[in-house]
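Following: one structure in C-alpha cells, then a few remarks.
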Amino acid sequence: MQINDLYNKYKDRSVKKIDAETKDTILASLSSIQEIENVQDANHFIKILSLCRGAQAAMDGEKRNNTFRTLLSTGEEGAYVENDSYINERFMYELIQNVDDCKYKSVDDCKLKIDFDLNEDIITLEYNELGFRPKDVIAISDIGNSTKNHHKSLDQKETGLDKNDLQEIGEKGIGFKSIFGLANKVSIKSGYFNFYFDYADFTIPKIPDETNDTKINGTILTVFLKKGIAKQLYKMLHDNYQKNSTIITENPVLFLNKLTEITYYSNEDYFGFRVTRNTNQPNIDGELMKIEYLSSNKENQRTIRCYHYSKEITYSVDECKSRFGNDETKERKYKIEIITSADLTDIFEGRIYSFFPTEQKLTVPMIVQAPFKLDSARTNIANQSDTADSSNLWFVRTKNETISFINHVYEDLAKKIGFKIVNFVPDDNLVYSNRCPLYDSRLTRSAFLKLNLFESIDGTFLPADKLYFLNKEESVNLDDIIEIYHLLSLKQPLLNYNIKPKQAPYYGFHKIDNIDDKLFEIALKKPDKTKQCLKYLTNYSIKNFKGGLQYVLKESQINQFIEYPQIIEFINNQTVEYLKSNDAILFKLNDISENKNNDLERAREYCLENDDHLSSKIIHYINSISCIQNDFYKNSIFLINLAILAKR
C-alpha cells in the first residue's frame with residue numbers, strides 16, 4: 001500500500017480506535033515502503049507512524065512511563081539517570097555509534113561534525129549520510145529495536161531489514177534512546193523527513209510547525225539539552241582529551257565501521273579526531289595507523305602512530321542464536337581488532353573495547369576490540385551465561401578467538417619492535433581484574449614468555465627459555481657480544497639483544513657464565529685470536545682462572561699480553577709457583593731449544609734448594625746464565641724467564 005493510501009485511510013482515526021492487530025497491519029504496510037519522494041509523503045509517513053506509536057502508548061496505559069524509566073536506567077536500553085550522573089563520554093559514544101551505523105555514499109568520506117551551542121544548551125550533529133529511509137524512521141521510534149538491532153523480534157521484522165542492516169554494531173537503539181537521559185527534545189532532518197521527539201514520550205514522532213520544503217542532503221540531528229549540560233559536557237570532553245593516553249584509550253572513532261573523523265565545535269574553539277588507515281580490510285599482520293588530534297589551538301595538534309591489527313571472524317548460526325536469539329538463520333561476520341603504540345613513546349593504560357571503550361583495563365599498552373555482549377550498564381563484558389563456566393557459544397568463541405589473535409599479534413609485534421616487546425609482557429596477567437570475563441590463564445606472564453617473542457642472532461624468534469645471553473660484567477654492545485659468541489664457538493641460540501644480567505631471570509633467559517675466563521683461554525690457545533679476545537679483557541679479574549696444566553705460547557702473544565698488566569702479573573705468579581713445585585699452570589714458549597729447557601729445570605731445582613728470598617734469587621740465577629737483559633724485562637720474572645728460553 002502506498003503512503004497516500006495509508007494516510008487517507010487512517011488520517012482521521014484516533015489512537016483509541018487502533019487496536020493491536022490494526023497497529024501491526026499499519027506498521028507492516030509502512031515497512032513495505034522503500035522510498036519517500038517528497039516532503040508531503042514524508043509528513044504523511046510520520047503522521048501515520050505517530051498514530052501507531054500513540055496507539056501502543058494508549059494500550060500500555062499508566063505503566064508506560066515507569067517502564068520507560070526502568071528501561072533507560074538499566075543502561076543497555078538507555079541512559080536515563082535522575083541526577084544526571086550519566087553526563088560522560090558514554091552519552092556521546094552512543095550518539096556517535098548511531099551516526100556510524102548510517103549509510104554513506106563512500107566509506108572514504110565519513111565525517112561527523114558536532115556543534116555545541118553552550119549558551120542555548122543545544123548540540124547539533126551534522127553528517128553526510130545518504131539520509132533516513134522509511135525503515136530507519138520506524139526503527140528509531142521503537143523502544144526495543146533499531147535498524148542496527150540484531151534481534152529478530154516482531155518489530156524488527158516490521159522494519160523490513162535487509163542483511164546489510166544486520167552487520168551494524170548498535171543494539172536496541174540505545175544511542176538514540178539514551179539522549180533522553182539529558183535532553184528535553186531531539187529533532188531530525190534527513191532527506192525529505194523533518195520530525196522530532198520530546199521527553200514526554202520519545203517513541204512518538206511529531207512534525208514541527210515549520211517544515212522544510214526541499215530535500216536535506218545528509219542528516220542534521222539536533223539535541224535540546226537540559227539547562228547547563230552543554231557547557232558541562234563540552235568542558236569534560238575537551239579536558240579529557242588533552243592527554244595522548246586518553247586519545248587512544250577513550251577514542252570514539254577507533255573501531256567504528258565507517259566514520260574516520262569527528263570534530264567537536266563550541267562557540268569558542270574546536271577539537272576532534274581523525275583516524276587514517278591504509279585499508280578497511282582485515283589485516284592480521286598489522287598496518288600503521290595514524291590517530292590525529294585536531295584542535296583550534298595549533299600547539300595542541302598532534303599525531304600518534306599505532307599498529308592496527310584486525311581479523312575477521314565468521315560466527316555460525318548456532319553461535320548467533322546463543323547471542324541474539326533462536327530466530328537467527330544466517331552466519332555473521334565481525335572483526336577482532338588490536339591497537340598498540342608504534343614507537344612506545346606514548347605508553348598508555350590498556351583497555352578492552354566492544355566498539356567503544358569499556359571500564360575493563362589491560363595491564364599493557366594495548367587496546368583489544370572484540371564483539372562481546374556488554375552487561376546491562378554497557379560498560380563491561382557480559383558472560384552471557386548463568387553458569388560459572390560461561391558456556392554461551394558466542395562468548396566462548398569470541399573469547400577463544402580473541403586470545404588466539406592476541407598471541408598472534410604478540411609474535412608479529414615482536415618482529416616489528418624487537419626487544420621492546422618486553423613492554424607488553426605483563427607482570428601477572430594481561431587483564432587487570434580477575435573479575436573480567438576475558439581473564440584467563442592463557443594470558444599470564446608465563447604463557448606469553450612461551451611465545452616466539454625474542455630474536456636469536458640467526459634471526460629466529462624463540463621463547464625466552466630457549467635463548468641464552470652472555471653473562472659478562474663489563475658493558476659491551478651487541479656487535480661485541482656476537483663477536484664474543486663466535487670467538488667462543490658457542491652453539492646455544494644467543495639472544496639478539498644486549499640485556500643487563502639482572503634482567504635475565506625476570507624473563508627466563510639462560511646465562512652463559514665465566515665469559516672472561518673462556519676468552520682468556522682462547523687467547524692462550526689460539527694465537528690468531530689472541531688480539532680479538534684481549535680487547536674484551538681490559539678489566540678482567542684473572543686471579544681465579546682455572547685453565548689447563550700448561551700453555552705453549554708464541555712470542556707474538558707475549559708481546560700482546562704486555563699491554564695487560566693483570567695478565568702479566570698472573571702469568572708471572574703462576575711461573576713462580578711452578579718453579580716452587582706448587583700446583584700452577586706452566587706457560588712455555590713454542591720455540592724453546594733443548595739447552596734452554598735444561599736451564600729452566602736447573603732454575604727450578606735451584607729454587608727448591610733456596611727458598612728464602614725466592615724472587616730475587618730467581619732473578620739472580622737467571623741473570624747468571626748467559627742472558628742479555630734490557631730494562632723492560634728487568635722487573636718481570638716470567639718475561640725474563642721466557643727471554644732466556646727464547647734465546648738461541
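The values are calculated or read from the model by the stated rules, or taken from the named source; none is laboratory data. Keep in mind the model is a prediction, meaning the values are calculated, not measured. Note that each Cβ is placed from the backbone with ideal geometry, even for glycine, and that neighbours are counted across all protein chains shown. Accessible surface is based on the protein model in full, side chains and every heavy atom, while ligands, DNA and RNA are left aside. Shrake-Rupley method; radii C 1.70, N 1.55, O 1.52, S 1.80 Å.
Annotations
- Per-residue SASA entry for T460, accessible area with 1.4 Å probe, Å² rounded to 10: 60
- Listed pairs K177/K227; K531/K554; K177/K206; K258/K420; K11/K135 exceeding 23 Å between Cα atoms: K258/K420
- Long-range HN-HN contacts of I457 with modeled amide H, under 5 Å: L494, N496
- A Förster distance of 60 Å, applied to the separation of the beta-carbon atoms of E359 and N539, puts the FRET efficiency at 0.65.
- Between K502 and R274, the C-beta separation translates, for a Förster distance of 45 Å, into a calculated FRET efficiency of about 0.55.
- For the stretch 402-561, share of DSSP beta bridges that run antiparallel, in % to the nearest 5: 50
- Multiplying the residue separation of E312 and A57 by 0.36 nm and removing their Cα-Cα distance gives an extension gain of 87.6 nm.
- In sequence order, the stretch 293-309 has phi-based couplings of 9, 9, 7, 5, 8, 4, 5, 8, 5, 7, 10, 10, 8, 9, 9, 10, 10 Hz under the Karplus curve 6.51 cos²θ - 1.76 cosθ + 1.60, θ = phi - 60°, and Gly or Pro positions carry x.
- Full-stretch length increase - E299, D5 - with 0.36 nm per residue and alpha-carbon distance subtracted: 99.9 nm
- Residues whose amide H falls under 5 Å from that of Y353, counting only those 5 or more places apart or on a different chain, are T358, V368, Q369, A370, with hydrogens built in the peptide plane.
- Sites D12 and N38 - FRET efficiency at Förster radius 22 Å, r taken between beta-carbons, to 0.05: 0.50
- For G218, residues with placed amide H under 5 Å, excluding near neighbours: G191
- Note on the stretch 291-389: Lys pairs 8 or more places apart or on different chains, Cα atoms under 19 Å apart, count 11.
- Protection proxy ranking for 332-338, 222-228, using the average of other Cβ atoms within 10 Å per residue and placing the highest first: 332-338, 222-228.
- For the stretch 560-569, Karplus couplings with θ = phi - 60° (6.51, -1.76, 1.60), whole Hz, Gly/Pro x: 6, 5, 3, 7, 10, x, 5, 6, 4, 4
- Gain on full extension, evaluated as 0.36 nm per residue between N514 and D480 minus their Cα-Cα distance, stands at 10.6 nm.
- Alpha carbon centroid spacing (whole Å) that separates the stretch 252-286 from the stretch 185-201: 27
- Karplus-derived 3J(HN,Hα), 6.51/-1.76/1.60, for each residue of the stretch 401-406, Hz, glycine and proline x: 5, 5, 5, 4, 6, 4
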